[in-house]
Amino acid sequence: MNEIVTERSNLFEPNVYITVCVEIAGKVCPHKLSAAVKQAFEANEAAMSKIVLENGLAYYEKMSVSNCKIEINKENKNWIELVNQNEKIPFAIDKGELIRAFIIPSEDKTQIVIMAHHLVGDGKSIIYFVKDIMNALSGISLTYKPLTLLGRNLPKKGLPAIAKLYARYCKHKWNNRFFTWQDYHHLHKKYWKSVSSDIRCETLSVEETQRIKDNARHIGCSVNSYIVTLFLQKYPDLCKVGIPISIRQDKNEAMSNLTSGISIDYKYDVEKTFAENAVQVHKRITRKLKRYKVFVLQFLARLPMTLIDAVLLNTYNCCCERLAEKTAKVLGYFGKYKKDLGISNLTVIDIPTSYGNYKIINIIFVPPAVSYSNNIIGVSTINGRMTISYHNITK
């Protein structure tokens, strides 16, 4: 059974959609592109699965036909409008609707927008899904990729004693209340009734992108640390920063959630130079990576699964459980406990840009504005140009 364990916080999360906008040079036949997307669905077990929820147990169940959606945009809407419209309509993940793909044709370029529920995979998964689409579009046969889950197969060592004690306390105190698809739809409807996504993007030139890389190299920090410091520079107070970390092994292109996360607290020191701040930020990130790379996954795997569901429901006043409220604070879902900033960097996208007669111009990556962070930044680099997206929730 493909049980949902480390991915469990994505089950009831109302803002859980990863968005990737792919720009392809020239006018591509939308029907041919639609057929390529369908082939990509069929080549990935994750896109051929539905989510089953039975008495608190949640797992993936393979289907004979994918229920992910493909739509050719005939209303001349831009891709952000499509995202704003569709985020308010809950994905029928219990029926296998884990991806919605939108094709936007035009004379000079063709866009394909992929809105993916986080349970189908992480950001890199969606990039490899794009590679499948492009290969299918150019006539290359696809290799079937089974679902890959971490489950409870995580290192036993490294979890701090206090985290183990809290997980044990939760198992002892939790009343094992479980929730249903009715709760899923109620939470989604309540959350999206009065809010919408604010998405903004900027693609840097090749020269601007290279300047960032050169500056980071000169300072002695990673490009990611440099970008984090750029945003920290705008915060006058202590800032909590969440940073997703890929734990995917090389050459693993399966659609799955192989991402952990770390966080740092840092107050930009205006009396120091930018370079000095960047070095300090880099040191803190490096230190956290060495000690806590899979901490969040280890901790989640030890908690009662239905308690994680209750945390999301409690966050939006859809249930009232004292232990869920306490755990929501521990996990950073409330007020001062939330991250001020989340920065998800796909780095240089590691797929080809040319596929026969077709060429990818750009890929824009927009991570979900998850409940435990106030502001989300997405970063992707392809064809020598970096695109930075900003994702926030407005009322």
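Of note:
- Counting only DSSP beta bridges whose two residues both lie in the chain, roughly 80 percent are antiparallel.
- Expressed per residue, the C-alpha convex hull volume of region 301-351 stands at 129 Å³.
- 13 Å cut-off, amide nitrogen to a point 7 angstrom out along K32 Cα→Cβ, residues in region 332-362: 355-359
- A convex hull fitted around the alpha carbon atoms of region 283-374 yields 171 Å³ per residue.
- Packing here is the average count of other Cβ atoms within 10 Å per residue, and on that basis the peptides 273-282, 144-153, 370-379, highest first, run 370-379, 273-282, 144-153.
- Value in Å of the Kirkwood radius, where region 217-343 supplies the Cα pairs that are averaged: 16.5 Å
- Low-density loop positions, GluC sites (Glu not before Pro), region 176-272 - DSSP coil, at most 14 other Cβ in 10 Å: E271
- Kirkwood hydrodynamic radius (C-alpha pairs) into Stokes-Einstein, the chain, 20 °C and 1.002 mPa s, D in µm²/s: 98 µm²/s
- Cα→Cβ-extended label distance, 7 Å offset, between D108 and W181, nm: 4.5 nm
- Per-residue ellipticity at 222 nm, computed for the chain from helices alone with -39500 (n - 2.57) per DSSP H run of at least four residues, works out to -10500 deg cm²/dmol.
- Summary of the geometry: region 232-267 and region 339-360, compared by the centres of their Cα atoms, lie 16 Å apart.
- Computed FRET value (nearest 0.05) for K95 with K164, which takes r as the C-beta separation and R₀ as 41 Å: 0.60
- On the basis of the beta-carbon distance and an R0 of 35 Å, K329 and K290 show a calculated FRET efficiency of 0.85.
- Gain in span if fully extended, S138 to M63, counting 0.36 nm per residue against the direct Cα distance: 24.3 nm
- With the gyration tensor restricted to C-alpha atoms of region 198-262, the semi-axes of the equivalent ellipsoid amount to 24, 18, 15 Å, longest first.
- Greater than 21 Å apart at Cα, pairs in K283/K326; K27/K74; K27/K77; K69/K95; K69/K339; K288/K338: K283/K326; K69/K339
- Of E87, E71, E321, the residue with the largest accessible area leads and the full order is E71, E321, E87 (1.4 Å probe).
- Solvent accessible area, Å² - I162, 1.4 Å probe, full protein context: 130 Å²
- Antiparallel DSSP beta bridges within region 17-107, percent to nearest 5: 60 percent
- Pairwise label distance in nanometres, E71 with K336, each label 7 Å out on the Cα-Cβ vector: 4.3 nm
- Cubic angstrom per residue, convex hull over Cα atoms of region 277-323: 106 Å³
- Global geometry of region 73-198, whether rounded, prolate or oblate, following the gyration tensor of its Cα atoms and the 1.5 cut on a/c: oblate
- Computed across region 1-134, the Kirkwood radius stands at 15.2 Å (inverse of mean 1/r, all Cα pairs).
The values are calculated or read from the model by the stated rules, or taken from the named source; none is laboratory data. Everything quoted here is computed from the prediction, not taken from an experiment. Please note: Cβ atoms are built from the backbone with ideal geometry, for glycine as well, and neighbour counts cover all protein chains shown. Accessible surface areas use protein heavy atoms only, side chains included; no ligands, DNA or RNA. Shrake-Rupley method; radii C 1.70, N 1.55, O 1.52, S 1.80 Å.
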